[in-house]
Each structure stands twice: as C-alpha cells, then as structure tokens.
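The values are calculated or read from the model by the stated rules, or taken from the named source; none is laboratory data. This is a predicted model, so every value here is computed, not measured. Glycine gets a Cβ as well: all are built from the backbone with ideal geometry, and neighbour counts include every protein chain shown. Just the protein is used for accessible areas: all its heavy atoms, side chains included, with ligands, DNA and RNA removed. Shrake-Rupley method; radii C 1.70, N 1.55, O 1.52, S 1.80 Å.
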Amino acid sequence: AVESAKGKYAHMLFNELFEDYSNALRPVEDTDKVLNVTLQITLSQIKDMDERNQILTAYLWIRQSWHDAYLKWDKDKYDGLDSIRIPSSLVWRPDIVLYNKADDDFSEPVNTNVVLRYDGKITWDAPAITKSSCVVDVSYFPFDSQQCNLTFGSWTYNGNQIDIINSLDSGDLSDFIEDVEWEIHGMPAVKNVVTYGCCSEPYPDVTFTLILKRKSSFYIFNLLLPCILISFLAPLGFYLPADSGEKVSLGVTVLLALTVFQLMVAEIMPPSENVPLIGKYYIATMTMITASTALTIIIMNVHHCGSEAKPVPQWARVVILDYMSKIFFVYDVGENCTSPQRKKEQEHKLERDDRCQRRHKEERSHLSSRNDCDLKEKRNGNLNKSCGIHGENIKETDCCSCYKILIKNIEYIANCVRDHKANRAKGIEWKKVAKVMDRFFMWIFFIMVFFMSMLIIGKAA
C-alpha cells in the first residue's frame, strides 16, 4: 500500500514538474547567473593503447551533477518523496564533451536515467567508451611511461554561463580493472581556463592526466632475450675454423634474424623521429654483426695467403705470433691438444729420434765409404791388369765426374725440399696470424655484446 501510494505521488509529481518545463534552455532563474556543474571521472578499464596511431581507448564512468531551478518540490506534499529517476532526455543537460576525442563516431552520450532530488539537484551517471588522442613517446620502449590527457569542457557555454568544478583532485581508480600491459600510477585532475582566439570569453575545462607505466615482461621475453641470445652467436663466428666454410654464413644468418625482429618492432612503433630504445639496441647489434662479418672476410683472406704471399712482417711476428698468441692461448696445429707433460715427452722422443737418425747416418756413411773403397780397389786392380797405369787415371776421372753430378742432383733435391718447407712454414705462419686475429676479435665482440646487453637489461631494472 505504501509503495503504491509513492507511485501515485511520483506520477503526480512528474506531471506537475514537466507540465511547463523546457529542456532547451539553461535552468537558471537569472540568466546572468553562472550554473555550476560538478564533474567526476571514474576509470574502469583501458581497452587499448594504439602507439602507432597514438590513440587511447578507455572505458569511463562520467558523473555530472548540477541544480535545476525549475525542478524543485516540497517533499512533504508528496508523501516524503525526495527523489525520482527519469530519462535524461527529458531534462536539460550540459554539453560537456571530450575535447581531444579521436573517434569518428560523434554520437550522443548514452541516454541513461538521471536522479532528480527535491532540491533540484540532478545527478547523471553515464558510461562511455572514449578514444582520445595521446602523444606517445617511445624513446624508452619497452621500458617507457606515458601520460595521456583527457580534457572535458563545455562545447558552447563559456565560463560566464557554465563553470566546471572538480569533484575530486584526481580521477577515481577504485573500480579500475587491472590491465595486462599497463600499470596506472595516478590520474590527477587540473582545472584550466582558456581563452581561444575565436572568442573573448573564457572557457573552463578539466584535464585528467592518466599516468601509465608499461609492463615490459612480454617484450623482454619475446623481443629482447631472443635478440641477446642471437647476438652472442655473432662473436662465435670468429671461433669457427677457417676451413669450415661457415664463418661468413653464420654472420649473415644472424644479421637476417635481427632484421626480422627489427621489422616487428617497426610495425608496432609510430613512424616518428624518436627511435625506441630496443630499436637502438637492434641497430647497434646489427652494426656490430656487420663489422664482425667484414672482419671475418678480411681474416679469411689472411688465412688463405699461402706460400706465394710475402713473409710475415717482423712486427707482426713479434706482436702477434710471440705475444698475442700466448695471451689468447693460440698454438700451432695439434699443439693445443697436448698437455705440458706430453710436450716434454714429445721433445725427449724427438731428441732420441734425432740421435738415432744421426747414428744410423754415420753407420751408413761409414759402410758406404768402406764399400766404395773396396769396390774402387777391386776395379782399379782389374784396370791395372788390363789397361795399366793409363786406365787408372781415366777411371778416377769418370768417378769424380759421376760424384759431381750426383752431388748436384742431391743439392737440387735438398734445395727443393728446403724451399717447400720454407713456403709451407710461411703459409702456416699466416694461418696462425689469422687464428690469433680471430681470437682477439672474438673476445672484443664478446665484451661489446655483454656490455650492450647489460645496458639494455639495466633499463628494465
């Protein structure tokens, strides 16, 4: 019975209030009086942050309240009825809009009900999905922070007609739904009074600054760590053997892999002059890999100098072969596979082999000389018997000429072997120079990659 009585009084009140009411004019008794509109913004959710187009899409609850001088009643006359809910289209509403709106849809706000109190106070709560322009600074992407402004103000009424008042010092974040990509660090509100060039009257507005901090875990695991792991492969190209034929291929493959990641970042970022931090890291790494590939080609040429090249310069022999080879533990072929004890054993073995060979040579030379003397005496005796003294002189002359020819042939063969060994030693020296240079640049590029990685990871901390 009580509810039916209140419903009866509500219909009676509605008919009496809107009998001569017009929602087209500003509801003030004195036209020179300023109407105060209280504004409150509640952020519910960040739906999207489009860095490339610089648009923030947010789900807001917009609360506006004002006093209507023509919608008042005595609640005692209506059985204590102090408030009613009516469609918002029936009452006058302030034309407060989002100034920096970036949406193609210019539709009217959602026509939700308003709460009308007996003293003329109207409260209008309306949800809205707004798309606002936001200047995105990607200099420190993916460890960046953004500040996006939401500016609300009346479109046609100036400050002498409508004054906007902040309900709170900041936006309401109590009902905010946690976002997977962004952290909210505040939403302060500031009232501004601006005089535009078109008009002399001041126009007040309220600007809510949304402070966002990007959650970088996704980008670290999907864009940064793969790049760091790939970049550590580049210095290993110097460790590959020169005869494998894969040194240059490794550098080119790593360069192509980083190019793919660079294109992925370029698709996300806006085409601005500010290069993101991860983009700078990619460019620095690609430059380093390009330099390492170029150095690998140069070192490959040094490795394949061969026996036809000039000898290793004296300064290179002293600096590279004597000092740097010991610093970077570069040995001759097979030398790095032996321990110091095995080296001593091999040296003793070589000395024993040399002694044995010298002993065998002496014995062979002694035996050959005895055989030659016996053979010479026998042949000289035969010649003396058959030819006499003249035959002996002729035979000695023939033997001397044969020995000279044999000595020349032996000297020629020895010279050829000696030259071959010298040329082979020259090629081995150039190969060792190339190997030392490989190890030197490998550690240099490892240090560069390490420090670059520490710098980029330090930004994440």
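A few notes on this one:
- Alpha-carbon Rg with Dmax, taken over the stretch 112-238, Å: 22.4, 85
- Peptides 208-219, 229-240, 68-79, 266-277 ordered by average Cβ neighbours within 10 Å, highest first: 229-240, 208-219, 68-79, 266-277
- Dipole magnitude (debye, nearest 20) for the stretch 29-82, charges at Cβ of Lys, Arg, Asp, Glu: 220
- Zero-based 5 Å bins, Cα pair distances in the stretch 222-279, whole percents: 4, 17, 24, 18, 14, 11, 7, 4, 2, 0
- Projecting the Cα positions of 66, 100, 42 onto the charge dipole of the stretch 31-132 (unit charges on Cβ atoms of Lys, Arg, Asp and Glu, taken about the Cα centre) puts 66 furthest along the positive direction.
- Distance violations [Cα-Cα > 32 Å] among 247/326; 431/459; 8/191; 247/310; 33/131; 191/213: 431/459; 8/191; 33/131
- Here r is the Cβ-Cβ distance between residue 260 and residue 59 and R0 is 35 Å; the resulting FRET efficiency, rounded to 0.05, is 0.50.
- Charges were assigned to the Cβ only: +1 to each Lys and Arg, -1 to each Asp and Glu. The resulting dipole of the stretch 7-214 about its Cα centre is roughly 160 debye.
- Normalised radius of gyration (Cα atoms, divided by 2.2 N^0.38 Å) for the stretch 1-145: 1.39.
- Cβ-derived FRET efficiency at R0 25 Å, residue 77 paired with residue 30, nearest 0.05: 0.45
- Loop-resident chymotrypsin sites (Phe, Trp or Tyr not before Pro) (DSSP state other than H, G, I, E or B) in the stretch 251-318 with no more than 10 further Cβ atoms inside 10 Å of their Cβ are absent.
- For the stretch 7-214, the carbon plus sulfur part of the accessible surface works out to 47%, probe radius 1.4 Å.
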